[in-house]
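Read the structure below first, then the notes.
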Amino acid sequence: MTVEFRTLDPAKFQDPLLTARGETRASVALVGLRTLWVNTGTLCNITCRHCYIESSPRNDALVYLSAAEVAAVLDEAQAAALPLAEVGFTGGEPFLNKDLPAMLADVLGRGLQALVLTNAMKPLRNHAAALLALPRAGLTLRVSLDHYAPAIHDEERGAGGFAASLDGLRWLASNGFAVNVAGRLAFGGEPEAAIRAGFARLFAENAIPVDAADPVALMLFPEMDARVDVPEITTACWGILNKSPDSLMCASARMLVKRRGAAAPALVACTLLPYDPAFELGATLAEAARPVPLNHPHCARFCVLGGAACSR
């Protein structure tokens, strides 16, 4: 059966203060920086069909950050006594950045938690020796497996991708690394319970210590398509949905990026909106502490209505 989607009304998500109906748009204040995301660069070893950030072997719109650039932001957080507890690394494929092991060593050495989003393919294995030299405490690697069925995963990520990622996941688990898995809700057309059951079988068959019933250990993300219609979020929605703005990512997180051609990195509101200049908040954590208007379809679909978050 083909599902028909309504195209997004072009009048929506235009004004950061007002919705298309003239209602007050919801915004989210930063209550405390708990998670700093680092986009290590948008280059990736594969090209997925539905990558929200359009990563590929050719997309370097966000260039590689250096360990020194990340350390400068961590120093600012430490000097300001911010409640930073976790640093997440995303891309692209983070392990293509040669400075990633040094970044991880710095983060763990400061007593912070480190989370790496990876496809666990060849770039990760190229850093095997450096990874094995890192402390295990505080480090988690979240491996992308879009579906428990190889054919469905490979339809999104390319032939052989499932086998390579599963092999990397097994290697991480067998070497004592804490692992999570990220899947997708829409692939396969199944209810969430069936997807989790399928992953549970896969994990059991491969001795992978991930609890498929745990929504953090196995994160199943909603799909993001900015072309599909979605309601705008007004200040009244918090009460209607019985949801607190403090539960959204942008209440406790920011992401560091470096645009191609830029002299220095910048901080953006979240992992989902790395390109939109309206969500670039400044060059320092102090500048980036201002509220974020929910003026993008991803804010509504993924965070408010989807209830999803990228961090643990």
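FYI, it's all coordinate maths here, none of it is from the lab. Given the structure is predicted, the values throughout are model-derived calculations rather than measurements. Cβ atoms come from the backbone with ideal geometry, glycine included; neighbour counts cover every protein chain shown.
The alpha-carbon of LYS258 sits under 12 angstrom from the alpha-carbons of these aspartates and glutamates, leaving out residues fewer than 8 places away in its chain: ASP60, GLU69, GLU280.
Take every Cα pair under 8 Å whose residues are at least 6 apart in sequence, average their separation, divide by the length of the chain, and the relative contact order is 24 percent. A Cα-only calculation for the chain places Rg and Dmax at 19.1, 57 Å. In a simple Cβ point-charge model (Lys, Arg +1; Asp, Glu -1; nothing else charged), the chain has a dipole of about 340 debye relative to its Cα centre. The H on the amide N of LEU220, modeled in the peptide plane, is under 5 Å from the matching H of GLY183, each at least 5 residues off or on a different chain. Counting other Cβ atoms within 10 Å as a rough exposure proxy, the listed residues TYR52, TYR64 run TYR52, TYR64 from fewest neighbours to most. When you count the other C-beta atoms within 10 angstrom of each residue and take the mean per peptide, 191-197, 85-91 line up highest first as 85-91, 191-197. Sum up the charges of everything whose Cβ sits under 10 Å from the Cβ of PHE95, counting Lys and Arg as +1 and Asp and Glu as -1, but leave PHE95 out. So the environment of PHE95 carries a net charge of +2. Straight-line cross-link partners of LYS243 among the aspartates and glutamates, defined as a Cα under 19 Å from its Cα and at least 8 positions apart when in the same chain: GLU23, GLU232. Could you compute the net charge surrounding GLY41? Neighbours are other residues with a C-beta less than 9 Å from the C-beta of GLY41; K and R count +1, D and E count -1. That sum, taken over residues with Cβ under 9 Å, equals -1. Take 138-149, 27-38, 235-246 and order them by the average number of nearby Cβ atoms within 10 Å per residue, most first; the result is 138-149, 27-38, 235-246.
Between amide H atoms placed 1.01 Å from N, distances below 5 Å from LEU139 occur with ALA114, all of them 5 or more places distant or on a separate chain. The fewest-to-most ranking of THR47, THR234, THR19 by surrounding Cβ atoms within 10 Å reads THR47, THR234, THR19.
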